[in-house]
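Down below is the structure, laid out as structure tokens.
The values are calculated or read from the model by the stated rules, or taken from the named source; none is laboratory data. Source: prediction; values computed, not measured. With ideal geometry, Cβ positions are generated from the backbone for all residues, glycine too; neighbour counts draw on all protein chains shown. Heavy atoms of the whole protein, side chains included, go into the accessibility calculation; ligands, DNA and RNA do not. Shrake-Rupley method; radii C 1.70, N 1.55, O 1.52, S 1.80 Å.
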Amino acid sequence: MNTILRKSILGIAGLTVAGGLAAGPLNHDTSTPTTRNAAAVTTTQAAKLDSAALIPHGVQGTQSRIDLDDEQTANVKAIIAATKKAGMDERAAVVSIATALQESKLENLGHLGDRNDHDSQGLFQQRPSSGWGTVEQITDPEYSTTAFLKGLKQVDGWRDMPLTKAAQIVQVSAYPDHYAQWEQQAADLVAEHWNS
């Protein structure tokens with residue numbers, strides 16, 4: 001840890017202790033609150049550092065955000081679990097989740113009848129007729145994520161590309177720039193659920 005960062009953390013922790021003693025209730029054991037406050041400062045700084053790894057190229061364009069229900073959150077966790085199982089990192093999970101946000105809003109969609117784009121289904125709107133797998137496979141979150149990640153691994157230099165370009169090479173969408181709008185929410189979801 002560099003000297004400036006260490007001094008900043010110690011200075012903030014010292015202010016927290018002084019502020020707690022002046023404004024908080026009298027407490028003979030001040031070590032517990034001080035430890036919690038210092039840990040909170042360190043955790044907050046670590047989260048900021050992680051953000052640079054999750055979004056190394058910065059977000060492109062206006063960002064969109066939706067509220068997730070329990071099923072969508074479960075799908076986020078399934079994408080993260082499949083990413084870890086594939087031996088890929090948090091950035092791969094960000095690309096995967098942003099892609100699924102664009103393709104399905106993280107809903108594991110079956111056939112939508114007249115509203116269907118050909119035979120696209122599942123979180124990533126993969127098509128059985130394009131070789132992604134059977135309907136049963138592509139509507140399984142682990143399988144569909146693994147299939148997406150297999151495609152991503154084949155993209156030379158995907159880590160050095162903007163998210164939307166990497167996702168587009170795998171997905172071949174009619175709307176290639178639309179993935180970019182979900183990068184911040186995808187990064188926030190990975191930061192929240194990667195270690196849960």
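Could you list which residues have their amide H under 5 Å from that of Gln126, counting only those 5 or more apart in sequence or on another chain, with H placed in the peptide plane?
Under 5 Å from the amide H of Gln126: Gln121.
Accessible area of region 127-179 with a 1.4 Å probe: how many percent of it is carbon plus sulfur?
Carbon with sulfur: 50 percent of the solvent-accessible area.
Step through the table entries Lys77/Lys165; Lys85/Lys153; Lys105/Lys153; Lys105/Lys150; Lys84/Lys153, compare each Cα-Cα distance with 18 Å, and write down the pairs that go over it.
Lys77/Lys165; Lys105/Lys153; Lys105/Lys150
Can you tell me the accessible area per residue over region 49-105, all protein chains present, probe 1.4 angstrom, in square angstrom?
Result: 47 Å² per residue.
So what are the ³J(HN,Hα) numbers for region 138-151, from phi and the Karplus equation (6.51, -1.76, 1.60; θ = phi - 60°), rounded to whole Hz, Gly and Pro as x?
6, 9, 9, x, 5, 4, 5, 5, 4, 5, 4, 5, 4, x
Per-residue counts of other Cβ atoms within 10 Å, averaged by peptide: what ranking do you get for 142-150, 80-88, highest first?
With the highest mean Cβ count within 10 Å placed first, the list reads 142-150, 80-88.
Starting from the amide H of Leu109, placed 1.01 Å from N in the peptide plane, find each other amide H under 5 Å away whose residue is 5 or more places distant or on another chain.
Gly122, Leu123
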